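Engineer: Below is one structure. I have some questions about it.
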Amino acid sequence: MKVEVTHPDTGEKVVLDMPNLSDDQIREMASEFSSDKQLERNLDNLPLSAEGKAFLAKFMKFTLKVGGTAIKLGKKLVEIAIFVATKLKHLTFWTVLGAIVAFMVTMIPLIGSLLGSFLAPIIMLGGLAKGFYEQVKSSDPSIVEIIENSTTSFRPLNGEFA
């Protein structure tokens, strides 16, 4: 089965051959859980700048063509991000906090770039680990199940686009 990806800005096309994709797997990847209007409403309610919302709106238009079926990959990824952020609040908070602290380390004059290149990944991993720990410790520790269920439709791709 041919998978075609088109860059939204340049129009550059990349074609991959994935012979193991079945029609059922393609239908599962193409299924949508929310309408475009619902997702746009959720994005409008996010506390983001206009540029951030414009980026997400453009990202939602990213599609794959598998055989004759168009898969709205960008929309599905934004759906997953919103779903995970609402269901896993501890993990989201600590990961974002780790990213902010890592960014602040890189802003230190003169030595920030040196410290940031070494410490930023460690700080991010620490935030992720703390968030994971807090999420498991909370009353709803089904973190692995939530992440697994939200990404099942992408399993047929087997990491081909990573």
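Engineer: Would you check if there is a residue in the stretch 115-130 being at pLDDT below 85 and in the same structural domain as residue 94 (by TED's automatic domain parsing)?
Structural biologist: no
Engineer: Continuing with the same structure: Inspect the stretch 69-80 for any residue being more than 16 Å from the chain's Cα centre (by Cα), surrounded by 14 or more Cβ atoms within 10 Å (Cβ to Cβ) and under 21 Å from residue 127 (Cα atoms) and give the result as yes or no.
Structural biologist: So far as the stretch 69-80 goes, no, none of its residues is more than 16 Å from the chain's Cα centre (by Cα), surrounded by 14 or more Cβ atoms within 10 Å (Cβ to Cβ) and under 21 Å from residue 127 (Cα atoms).
Engineer: Scan the stretch 22-72 residue by residue and report those that are free of Cβ contacts under 8 Å to residues at least 60 places away in the same chain and either in a strand (DSSP E or B) or among the basic types (Lys, Arg) (or both).
Structural biologist: If the condition is that a residue be free of Cβ contacts under 8 Å to residues at least 60 places away in the same chain and either in a strand (DSSP E or B) or among the basic types (Lys, Arg) (or both), then 27, 37, 41, 53, 58, 61, 69, 70, 71, 72 are the ones that fit.
Engineer: Also, I was wondering about something else. Take the conditions hydroxyl-bearing (Ser, Thr, Tyr), within 18 Å of the chain's Cα centre (by Cα) and at pLDDT below 80 and apply them to residue 92. Does it pass?
Structural biologist: Judged against the criteria, residue 92 is not a match.
Engineer: Within the stretch 74-129, track down each residue that is in contact (Cβ under 8 Å) with a residue 12 or more places away in the chain, of a type in the set (A, V, I, L, M, F, W, C) and under 30 Å from residue 35 (Cβ atoms).
Structural biologist: 77, 78, 80, 82, 83, 84, 88, 91, 93, 96
Engineer: Another question, then. Identify, from the list 37, 53, the residue that is over 21 Å from residue 6 (Cα atoms), surrounded by fewer than 16 Cβ atoms within 10 Å (Cβ to Cβ) and touching a Leu at 6+ places or on another chain (Cβ under 6 Å).
Structural biologist: Result of the check over 37, 53: 53.
Engineer: Let me ask another. Would you confirm, using the coordinates I've provided, whether residue 75 is closer than 30 Å to residue 5 by Cα, in a helix (DSSP H, G or I) and either basic (Lys, Arg) or in the same structural domain as residue 12 (by TED's automatic domain parsing) (or both)?
Structural biologist: Taking the combined requirement at face value, the residue satisfies it.
The values are calculated or read from the model by the stated rules, or taken from the named source; none is laboratory data. The structure displayed is predicted, hence computed values, not measured ones. Note that each Cβ is placed from the backbone with ideal geometry, even for glycine, and that neighbours are counted across all protein chains shown.
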